[in-house]
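Notes follow the structure.
The values are calculated or read from the model by the stated rules, or taken from the named source; none is laboratory data. Keep in mind that what you see is a predicted model, and the values were worked out from it rather than measured. Using ideal geometry, Cβ is built from the backbone for each residue, glycine included, and neighbour counts are taken over all protein chains shown. Accessible surface areas use protein heavy atoms only, side chains included; no ligands, DNA or RNA. Shrake-Rupley method; radii C 1.70, N 1.55, O 1.52, S 1.80 Å.
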Amino acid sequence: MYSNEQYLLELLVEAGALEPSVPASIRAEIGPTESVIEKIVQEGLLSRDYIAQVAANSSGLEFVDLNAFEVDPGILAQVNGELARRVNFLPIGDDGISLQVAIADPFAMETLDSLPQFLGRDVSFFVAAEDALSRAIDKYYPEKKAATGDDESPIVTLIDEMFNEAHAMRASDIHIEPMEDRVRIRCRVDGRLVEVATHPKKLLGSIVARIKVMSNTMSIAEKRVPQDGRIELNLKNGGHIDLRVSTVPSNHGESVVMRILDKSALALGLPQLGFLSDDEATFDRLVTLPDGVILVTGPTGSGKTTTLYACLNHLNRPDKKIITAEDPVEYELPGINQVMIRTEIGMTFAAALRAMLRQAPNIIMIGEIRDGETAGIAIQAAMTGHLVLSTLHTNDAPSSVARLEDMGVDRFLIASAVRAVMAQRLCRCLCSCKIDGSLTAKQAQMLGIEQDRAVKVPRPGGCEKCRGRGMKGRMGIFEIFEVSDDVRELINSNLSSAQLRKRARELGMRTLREDGIRKVLAGRTSADEVIHVTTGDAS
């Protein structure tokens with residue numbers, strides 16, 4: 001219905017078509033979400049054609065009766081049918097200067113402003129009755145045509161190919177980056193950005209507008225502020241992807257990043273995370289404890305959330321009640337109660353956690369501990385018989401003690417409630433095309449491996465499956481800081497993070513780099529990869 005119904009009602013009263021008391025009288029009879037104009041039509045007070053003519057006259061546009069003529073197929077072919085259905089317009093002519101289109105709402109400024117840019121040419125607008133427009137769109141652009149790929153514009157084809165390519169590459173996100181003279185498309189594959197295409201700068205507006213239309217919730221007219229949206233897409237190759245879309249205005253136009261939500265992560269268990277057998281047994285024992293806090297730490301993009309989901313999959317049984325607090329809920333986990341954090345209405349992590357405790361859960365997962373209030377409630381929950389899983393942003397595992405202390409948690413509570421902290425990073429895996437090789441003297445020196453003998457390790461090859469890179473997929477490398485009785489005494493003795501880390505290593509904690517070295521020697525990743533992702537762990 002019309003974007004400003006009250007304004008249109010005033011126009012109808014001014015035109016003498018309605019008595020001034022009629023709109024208020026009808027509004028009193030209907031529900032708050034129902035349309036007064038729709039009720040006027042249903043009761044036969046005015047026809048849709050007459051209403052459309054009044055709207056056209058007030059906006060300086062011409063009324064068109066879509067029941068009176070057939071649209072030329074050549075005109076229809078200029079517009080993608082999916083776009084016509086979503087934006088609610090129909091191309092009806094072409095005078096050589098502009099494309100003539102019919103709309104039902106001449107007050108929808110967003111459509112009037114953005115459609116010329118999206119179509120890439122000037123547009124002349126006509127006003128049609130809403131029911132006639134809907135019937136015409138259904139007639140000329142039936143749903144089945146979109147499913148078979150008919151009537152696709154070059155921009156639609158370009159974006160569809162981009163999504164299919166990203167899916168085939170197993171990309172985690174797509175970056176559309178406006179530059180001074182071109183538009184660059186990059187995909188992040190196994191943690192590294194790869195440029196996949198460039199396009200003329202003039203296509204930027206159409207590309208961004210198409211993506212916004214696909215998201216359903218983003219304004220194609222608003223380019224001055226960041227926006228967020230979500231796209232669910234069935235690909236032509238049979239795949240299905242969900243994308244979280246983010247746009248940000250930059251000095252050369254709107255930049256778009258689309259994060260591909262990989263639902264295959266939902267099926268991961270502990271064995272798929274990349275543990276070697278001894279660490280897997282240790283972590284399995286820790287996450288099946290009846291209570292306490294288990295923390296996973298690392299920078300953004302290190303796979304912490306994936307690890308938590310793998311833990312939940314491992315623990316999810318009919319006799320356990322599991323509740324999560326997430327910001328946002330990206331994946332739905334069967335059999336688990338998931339709560340979305342919405343800070344704008346007061347549903348913070350702390351508020352959600354308090355409410356969750358009243359639900360009598362066995363296991364609680366908190367997406368991230370960000371503040372002292374959340375940390376304190378998590379510690380108390382652990383000390384009252386709950387298993388609490390969460391993440392922190394620290395570079396190594398022992399530093400989490402200082403991080404919690406900075407948030408206001410007393411050390412004796414940390415020592416009492418925390419069962420273990422696991423730091424992690426993601427390393428690219430060697431593809432099956434790996435070839436024989438050995439460590440160079442520099443690699444051996446950086447990894448701290450004795451150089452008195454040649455150390456044979458595979459190195460990257462290159463094949464079609466890995467697109468010549470020699471690396472395919474990623475796995476974790478881990479640093480497990482278990483809070484044993486000895487470590488509990490160290491925490492209570494107020495050691496600094498550096499001292500605590502040193503003593504933990506003396507007690508047997510394996511560092512990230514040391515775990516990476518084991519995986520290099522096992523032929524699972526490369527020396528350069530471990531050196532790259534553990535630069536801060538060189539000691």
Let's test the formula: R0 of 45 Å, r as the Cβ-Cβ distance of Glu19 and Ser134. What FRET efficiency results, to the nearest 0.05? 0.95
What's the FRET efficiency of Glu450 with Glu180 using the Cβ-Cβ distance as r and R₀ = 51 Å, to the nearest 0.05? 0.50
Working out 0.36 nm times the residue gap between Ala360 and Thr343, then minus their Cα-Cα distance, what length gain in nm do you get to one decimal? 3.8 nm
Per 0.36 nm of contour for each residue apart, how much would the distance between Ser484 and Ser47 grow if the chain were fully extended, relative to their Cα-Cα spacing? 149.4 nm
Enter the accessible area per residue of the chain (Å², integer; probe 1.4 Å; all protein chains in place). 47 Å²
Of the listed peptides 300-309, 234-243, 476-485, what is their order by residue-averaged count of other C-beta atoms within 10 Å, with the highest listed first? 476-485, 300-309, 234-243
Could you give the length gained by full extension between Ser59 and Leu193, i.e. 0.36 nm per residue of separation minus their alpha carbon distance, to one decimal place? 43.4 nm
Give, rounded to the nearest 20 debye, the magnitude of the charge dipole that the chain has about its Cα centre when Lys and Arg contribute +1 at Cβ and Asp and Glu contribute -1 at Cβ. 2900 debye
Computed over the stretch 277-366: relative contact order in percent, which uses C-alpha pairs under 8 Å that are six or more apart: 25 percent
Signed unit charges on C-beta, dipole axis of the chain, positive-most listed residue Ser496, Val208, Gly81: Ser496
Listed residues Leu312, Leu357 arranged by accessible area, highest first, probe 1.4 Å: Leu357, Leu312
Going from the alpha-carbon gyration tensor of the chain, what semi-axes, largest first and in whole Å, does one get by taking the root of 5 times each eigenvalue? 56, 31, 18
Taking the dipole of the chain about the Cα centre (Lys, Arg +1; Asp, Glu -1; charges at Cβ), the one of Gly346, Gly96, Tyr140 that reaches farthest to the positive side is Gly346
Positive-end residue of Thr391, Pro271, Ile260, charge dipole of the chain with Cβ unit charges: Pro271
Once the Cβ-Cβ distance between Asp95 and Ala168 is put in as r, and R0 is 41 Å, what FRET efficiency do you end up with, to the nearest 0.05? 0.45
Answer rounded, prolate or oblate for the stretch 451-538, using the Cα gyration tensor with square roots of eigenvalues a ≥ b ≥ c: rounded when a/c is under 1.5, else prolate when a/b is larger than b/c, else oblate. prolate
Quick one: compute the contact order of the stretch 177-227, relative version, from alpha carbon pairs under 8 angstrom and 6+ residues apart, as a percent. 25 percent
Length-normalised contact order of the stretch 415-502 in % [C-alpha pairs under 8 Å, at least 6 apart]: 41 percent
Looking only at aspartates and glutamates whose Cα falls under 16 Å of Lys202's and that sit 8 or more positions away or on another chain, we get Asp122, Glu177, Glu180, Asp181, Glu254
